[in-house]
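Novice: One structure, as structure tokens, below. Some questions next.
Rule-based calculations on the coordinates, nothing more; no lab input. Treat the numbers as computed from the prediction; the structure is a model and nothing was measured. Methodologically, a virtual Cβ is constructed for each residue, glycine included, from the backbone with ideal geometry; neighbour enumeration extends over all protein chains shown.
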2 protein chains.
Amino acid sequence: MAEAPTRTPRERYRTQVRAEVKERAWEQIATAGAPALSLNAIAKQMGMSGPALYRYFASRDDLMTELIKDAYRSLADTFASASKPGADLAVMAHALREWALDDPQRYLLIYGTPVPGYHAPDDVTEIAAEIMAILLDACAALPLTPSPGGPATTSHEPLSGGPATPPDGPPATSFEAHLEGHREWAAGHPATPAVLHRALVVWTRLHGVLSLELAGHFTGMEFDPALLYAAELDDLLAR
Amino acid sequence: MAEAPTRTPRERYRTQVRAEVKERAWEQIATAGAPALSLNAIAKQMGMSGPALYRYFASRDDLMTELIKDAYRSLADTFASASKPGADLAVMAHALREWALDDPQRYLLIYGTPVPGYHAPDDVTEIAAEIMAILLDACAALPLTPSPGGPATTSHEPLSGGPATPPDGPPATSFEAHLEGHREWAAGHPATPAVLHRALVVWTRLHGVLSLELAGHFTGMEFDPALLYAAELDDLLAR
DNA sequence: GATCCTTAGTTAGAGGCTATCACGAACGTT
DNA sequence: AACGTTCGTGATAGCCTCTAACTAAGGATC
């Protein structure tokens, strides 16, 4: 979305064309899915013929990765602005859902089926890290009150957070112990293993509900996905 | 996978060719993704030219939906055989993960990005219902021991299961109350709202971890997804 | 066994797509 | 005014899906 500051009228025109191409691309993706995206069709829509667009995008894949980057950027921005005031995880989760429902295919472009060998370019993983940092902040700011964590009945380990394990205490579960030794992905962020665990769980659980909802796996069922999402969020905030 | 019992040698040959086509299709999907599936390429691989395969599959989409159905069938079968003895949810979850990792694109064909307007045919939704029934059985058989559910500190509602709400008691959370009025999707299954909720949560949480892992979103991070999956499963079994 | 019908496979072809190339036209700069 | 850069064109090659007409082979029937 954010192009370089246009100077000459030529650059101005160029960026304007690129933006229009992307716009039409998003329309195509929203209505027919990413695989149906066609540079050719976009060119015809814009009144020019076929190969003209190759002056603006090196290839179809090039356009795709740029769209993916824009999607990440958009997500990071909405995430950032939702966490502005007090880093409330609840409003972030709500913003995430709004953003996803606003354009399901955009969400799925990021979190849906990838092409098997795909490896995201560096600038994209940077934005992903930016998103993760925001999530970590929000999880670190979370009041890790005791709440559940009664005496563990079996070998089952509750998510840490009980009275015996304050937020900055030692890892309370084996996975958090594992995280203590594998936290390079959160390097630069002063988060305890419990916070890392919390962030991962927030991510996977919200994505789990959202993904199935967007893919239409709840359509036959009559319950309201929003309530399931809210229940999961509630459970995440309760512990 | 399960073709009709072949009688005449002609039918025999026909089903054999169809099976080989599907096999090659799965190879293509596994290596290049579903959008790259090409009837033409498969035909050439099999030594015949172009349109020959249209005698066996009405269209590319026809082949695709049949592959999707087979994927569902395969998942339902592994699920069923994993729940045979005592319907242990843990072994089912493990079987699910094994099945998914065995062919990520097959999993993603079911649970990944769909084409926007897609509506699954009836025989597919039937298999999906079959899978859900197995999951519901397993969740109903779960020992819903008290465990967490201490005094709810805020307005947050724990997943029901505390001493005050036995498995067959009244709904303990607002979402479960909602489910009580929207349980047509589990019609024919004598499950309490708490069990329905549990089934949905098992589904979404395991899918959340699995989906992100298969899509490669954990690759940059050094932790072991298997342990996160195990931790989530543990948490599901603990309550 | 000869006939006939069904099925399997062929080539040809329309129309879509990505992508490259060579050419002409417009533009801004010098 | 002349020049080099940039933009758009048509032509072309090579994929793809899918239809149509034709041929060859298989099985059933008389």
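Novice: I need the inter-copy label distances for A:Arg55: point set 7 Å along Cα to C-beta, values in nm with one decimal, smallest first.
Specialist: The projected label point of A:Arg55 is separated from its counterparts by 5.0 nm.
Novice: Continuing with this model, one more query. Apply 1/(1 + (r/R0)^6) to the Cβ-Cβ distance of A:Ser38 and B:Lys84, taking R0 = 56 Å, and write down the FRET efficiency to the nearest 0.05.
Specialist: For A:Ser38 and B:Lys84, the calculated efficiency is 0.70.
Novice: With an 8 Å Cα cut-off and a minimum separation of 6 or more residues, compute the relative contact order for chain B in percent.
Specialist: Relative contact order comes out at 15 percent.
Novice: Sorted from shortest, what are the nm distances separating the label point of B:Ala141 from equivalent points in the other copies, each placed 7 Å from Cα along Cα to C-beta?
Specialist: Reported distances to equivalent positions: 4.6 nm.
Novice: With the cut-off at 14 Å, report for the range A:1-57 the share of all Cα pairs above it, as a whole percent. Before the final figure, lay out the partial values.
Specialist: Working: 899 of 1596 pairs.
That fraction is 56 percent.
Novice: Here's something else I'd like to know. What are the distances, in nm and sorted shortest first, from the label point of B:Val91 to the label points of the same position in each other copy, with each label point placed 7 Å from Cα along the Cα-to-Cβ direction?
Specialist: Shortest to longest, the spacings are 5.0 nm.
Novice: Please report the spacing between the Cα centers of the range A:9-53 and the range B:80-132 in Å, no decimals.
Specialist: Taking the Cα centre of each part, the range A:9-53 and the range B:80-132 sit 37 Å apart.
Novice: Gain in length, B:Val115 to B:Met48, computed as 0.36 nm per residue apart minus the alpha-carbon separation, to one decimal in nm?
Specialist: Here the segment from B:Val115 to B:Met48 would lengthen by 21.1 nm.
Novice: Figure the gain on full extension for A:Val91 and A:Arg10 (residue separation times 0.36 nm, minus the Cα-Cα span) and round it to one decimal in nm.
Specialist: Length gained, A:Val91 through A:Arg10: 24.9 nm.
Novice: Taking the rotation that carries B onto A, look along its axis and tell me which residue of B has the beta carbon nearest to it, distance in whole angstrom.
Specialist: With distances in whole Å, chain B gives B:Gly208, 1.
Novice: Among the aspartates and glutamates, which have Cα under 15 Å from the Cα of A:Lys44 when same-chain residues fewer than 8 positions away are ignored?
Specialist: A:Glu20, A:Glu23, A:Glu27
Novice: For B:His189 and B:Asp103, what does the FRET efficiency come to when R0 = 45 Å and r is the distance between their Cβ atoms, rounded to the nearest 0.05?
Specialist: Efficiency at R0 = 45 Å is approximately 0.95.
Novice: Here's another thing I want to ask about it. Quick check on chain B: helices-only [θ] at 222 nm, where DSSP H runs of length 4 and up contribute -39,500 (n - 2.57) each and the sum goes over total residues. Nearest 500, please.
Specialist: -19000 deg cm²/dmol
Novice: Rounded, prolate or oblate: pick one for chain A, where a ≥ b ≥ c are the square roots of the eigenvalues of its C-alpha gyration tensor, a/c under 1.5 means rounded, and failing that, prolate if a/b is larger than b/c, else oblate.
Specialist: Details: a/c = 2.63, a/b = 2.01, b/c = 1.31.
Because a/c hits 1.5 or more and a/b exceeds b/c, chain A counts as prolate.
Novice: So how strong a dipole does chain A carry about its Cα centre when Lys and Arg Cβ are +1 and Asp and Glu Cβ are -1, to the nearest 20 debye?
Specialist: It comes to approximately 900 debye.
Novice: Put a dot 7 Å past each Cα toward the Cβ at B:Val17 and A:Ala58; how far apart are the dots in nm?
Specialist: 4.3 nm
Novice: If each of A:Thr125 and B:Glu180 carries a label point 7 Å out from its Cα toward its Cβ, how far apart are those two points in nm?
Specialist: That separation, rounded to one decimal, is 5.1 nm.
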